[in-house]
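*Asks:* Sharing a structure below in structure tokens format, with a few things to ask.
The values are calculated or read from the model by the stated rules, or taken from the named source; none is laboratory data. The shown structure was predicted, so the numbers you read here are calculated from the model rather than taken from an experiment. Glycine also receives a Cβ, built like all others from the backbone with ideal geometry; neighbour counts cover every protein chain displayed.
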Amino acid sequence: MKFRLFLKSYKRSLIKTALRKLSLFIRLQSLKDCILHKIVVMPLKIKKFCVLRSPHVNKNSQEHFEIRYYKLFLEFEVQTPASLNVLLNCELPEGLLCILKLL
């Protein structure tokens, strides 16, 4: 069965550490029936907000904020459900959203 594991975070370093942990986990646990096909880095998404500092006057006085979303997905194939459970029990850093989809 082929799966995609989507990783999404506000910090790039969290995604890098999660990717490193997953690849090491696959190698060290010697999951022979788990085959990593590809790693795809999605484009960076930036949302920008402008907020007025004063509610009544001074329209020119504004503050600018932005939120950056970093995304990535891993495509892998697993032969047995037990190895998928072992792979999903790997501890990932907090602040990281993980979504598993079946292809």
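*Asks:* Return the pair list, or none, for Cβ contacts closer than 6 Å from residues in region 33-46 that are within 18 Å of L84 (Cβ to Cβ) to residues that are of a type in the set (G, A, S), at least 6 apart or on different chains.
*Replies:* The qualifying pairs are D33/S83; C34/S83.
*Asks:* From the list S54, S23, S61, S83, which one is among the hydroxyl-bearing types (S, T, Y), loosely packed, with under 13 Cβ neighbours inside 10 Å and touching a Leu at 6+ places or on another chain (Cβ under 9 Å)?
*Replies:* None of the other options fit; the residue is S61.
*Asks:* Any idea which of R27, R53, R20 is over 17 Å from E94 (Cβ atoms), out of contact with any Asp or Glu (no Cβ under 9 Å at 6 or more places or on another chain) and among the basic types (K, R)?
*Replies:* R27
*Asks:* Taking the conditions exactly as written (part of a strand (DSSP E or B) and either among the basic types (K, R) or modelled with pLDDT of 90 or more (or both)), does L7 satisfy them or not?
*Replies:* yes
*Asks:* Moving to a separate point now. If you go through region 46-66 one residue at a time, do you hit one that is of a type in the set (S, T, N, Q) and not in a loop (DSSP other than H, G, I, E, B)?
*Replies:* Within region 46-66, one or more residues are of a type in the set (S, T, N, Q) and not in a loop (DSSP other than H, G, I, E, B).
*Asks:* Just checking, which of I46, I99 is among the hydrophobic types (A, V, I, L, M, F, W, C), over 30 Å from M1 (Cα atoms) and in contact with a Phe, Trp or Tyr (Cβ under 9 Å, 6 or more places away or on another chain)?
*Replies:* After ruling out the rest, the residue left standing is I46.
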